[in-house]
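Inspection log for the structure reproduced underneath, given as structure tokens.
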Amino acid sequence: MALVASAAIFILITSTITASNSASVIDDLNNLHPPQDFAQTIKHNCEMIPSLRYCNASPSDLTEIFKSTIVASHLCNESKNPNCVQTFTKIDLRDRPKIAPLYLSFSFFWKYCPLTIIDIDLSNNSLKGGFPTDVLKCSQIQALDLSHNELSGYFPFQDFSPLTNLTHLNLSYNHFSECKISNTHFFKRFKPSSFVHSGLIPNQGKFTLKALILLIGFPVLVILVVGFFWWLCFKRPDYLPASLRSDHKFTVSMIEAATHDFSTKHLVGKFEGFDIYKGVLRNGSEVRIEIYWDKISNYSRRKFVEECSDLVRLSHRNLVRVLGWCNNGKLRAIVSEWNEGESVETWLLDSNPSWKRRLKVLVGVLEGMCYVEEERPQIGYDLRTRSVLVSEDGEPLISRFKFGDQHSIMKKIYKFGIFLLEMVSNKRPREEFQSGEAGFLEWVKMHYPGSVRKVIDERMKLTGRPFEQASQGVGLGLMCTDLSAGMQPGLSQIANVIRKVYQSHLVSTSLNHNRLPGIDKGEGHQRMQTK
């Protein structure tokens, strides 16, 4: 072993300790004397290992050194080390209350503590009195366990400074006098669990801070992280990568951000049942946001979502592209691309467009209607002149879509008839006629066909073939508004008629007949007279 490298010494030690009680062991130790060659053995060991603790001892200490080797050998076996001749790594006297105090009393052993010992366990022995400072002479140890004893009094924390290798310390469940030990640099290396119920008080400020961080800070951090991801997913998914968000679903928070909390600066118009805002999305896109504040049933909300899902699939040059929707208890909204164009109503009043330009708008509106009828016939839309936009290049854009039960083809054709008559006459039924559309239609019928010039917008100054086309357009409009069974023309027939008129006007050719294909002015007039 590291204390004495000669096997003969340990044979002597093993044969010497035979007593079974403390008194006899102490007597035997006091009666022992080192063999004659012991001093030579010590000298030889120190030449090989100069760091041995007894190498600097005086010759008078030879007896103590000899006794320490005897105790070391005995204690090594008591601690069940595997090969005490070669190594002695651990003093294990836990749960040994009868012999642990005996070994602690051998101060000469701790004075020459073997350098190979790295672990000392004296726990659960009911040790009483002050701290066993002799143990600290084994300054190379890495672990020291004195827990579950009855040690009391002053705690010599200054004596721990030489124990630079000590990484595990357990002083729990003792009765030391209270003192703040964690102010010292050395004890900052140990966890608060090393001093549980020991009477020693670690730095309460730092301990409390760590406890708060652990018990309060961590749950708060978890709540904040969860809350942040909830906010991302359910409030502002526009901050998520494109692959993680739904392209068509907008939240109330997104709508509020786009309109600056529904700022009046972003309000484009207020109408019956809905408002229209101009908004800016997070990616910089300008959008048109149509907001409905009314309360509807859950069934109606589901239908709204289904219809919006159809809207976002539409793609046609004469339809405003719908980007998505918002369906929330507070509001419903449809978000579409922003278009700088003006409404047809404003365009007619301010621009005084020519008959050719009006025909182009009519053709575009019909193409958009035919596309919707072919792709999603269940979708309704608003064909009023104040709802249809005219883009900068003169293309019409159906910008408002309707929800509910207003999707029948008869109603759509009726609305187009009103739209056509407004385009020809430049009249606004709701503002200029007391009974609205009904009064407007009666006024048109009263002048058609005999005084049709009073119906046609005089600002166009039409003559010749264009005037005849406009007159026939009035007849077609009246046919579209005739809801009698079988009286309305079909949508494709209307589209073909208007398209042919527009093409005819473009090439400036004269037709060989004075009426629109499939429509006889007299018959149309006769039908209207019998209504």
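The values are calculated or read from the model by the stated rules, or taken from the named source; none is laboratory data. What you are looking at is a predicted structure, and each value in this text was computed from that prediction instead of being measured. Cβ coordinates were reconstructed from backbone atoms using ideal geometry, including for glycine residues, and neighbour counts include every protein chain displayed. Calculation scope for accessible area: heavy atoms of the full protein, side chains included, ligands and nucleic acids excluded. Shrake-Rupley method; radii C 1.70, N 1.55, O 1.52, S 1.80 Å.
Applying a DSSP loop filter and a limit of 13 other Cβ atoms within 10 Å to the trypsin sites (Lys or Arg not before Pro) in segment 267-313 leaves Arg282, Lys295, Arg313. Computed from the Cβ-Cβ distance with R0 of 60 Å, the FRET efficiency linking Lys303 to Lys188 stands at 0.35. Solvent-accessible area assigned to carbon and sulfur over segment 247-359 amounts to 45 percent, based on a 1.4 Å probe. Between the amide H of Tyr381 and those of Lys402, distances stay under 5 Å, these residues lying 5 or more places away or on another chain, with hydrogens modeled in the peptide plane.
How much area per residue is accessible in segment 56-168 when the probe is 1.4 Å and only protein heavy atoms are counted (Å²)?
Normalised by residue count, the accessible surface of segment 56-168 is 43 Å².
Sites listed here are chymotrypsin sites (Phe, Trp or Tyr not before Pro) in segment 246-326 whose DSSP assignment is loop and whose Cβ has at most 13 other Cβ atoms within 10 Å: Trp293.
3J(HN,Hα) couplings calculated from phi for segment 105-119 with the Karplus curve 6.51 cos²θ - 1.76 cosθ + 1.60 (θ = phi - 60°) are, in sequence order, 6, 7, 5, 5, 5, 5, 5, 10, 3, x, 5, 7, 6, 10, 9 Hz; Gly and Pro show x. With protein chains left intact and a 1.4 Å probe, residues in segment 392-462 average 48 Å² of accessible area per residue.
Ignoring any ligand, DNA or RNA, what whole percent of the accessible area of segment 44-131 comes from carbon and sulfur when the probe is 1.4 angstrom? Could the numbers behind the result be given before it?
Working: 2090 of 4050 Å².
Carbon plus sulfur share of accessible area: 52 percent.
At 0.36 nm per residue, and after removing the present C-alpha to C-alpha distance, how many nm does the segment from Asn328 to Arg459 gain when stretched out fully?
Full extension of this stretch gives 42.4 nm more.
As a fraction of the 1.4 Å probe accessible area of segment 407-475, surface on carbon and sulfur atoms comes out at 53 percent.
For segment 443-502, chymotrypsin sites (Phe, Trp or Tyr not before Pro) meeting the loop criterion (DSSP other than H, G, I, E, B) and having at most 15 other Cβ atoms within 10 Å: none.
Taken as Cα centroids, segment 71-102 and segment 341-378 sit 102 Å apart, rounded to the nearest whole angstrom.
Would you list, by chain and number, the lysines whose Cα falls below 27 Å from the Cα of Lys303, excluding same-chain residues fewer than 8 positions away? Candidates past the 8-residue exclusion: Lys235, Lys249, Lys270, Lys278, Lys295, Lys330, Lys402, Lys411, Lys412, Lys415. Only Cα pairs under 8 Å and 6+ residues apart enter the sum, and on that basis the relative contact order of segment 340-399 stands at 50 percent.
Output the Kirkwood hydrodynamic radius of segment 237-318, Cα pairs only, in Å rounded to one decimal.
Working: mean 1/r = 0.0695 Å⁻¹.
Averaging 1/r across every pair of different Cα atoms and inverting gives 14.4 Å.
If r is the Cβ-Cβ distance from Leu224 to Thr87 and R0 is 60 Å, what FRET efficiency results, to the nearest 0.05? Between Leu224 and Thr87 the formula returns 0.65.
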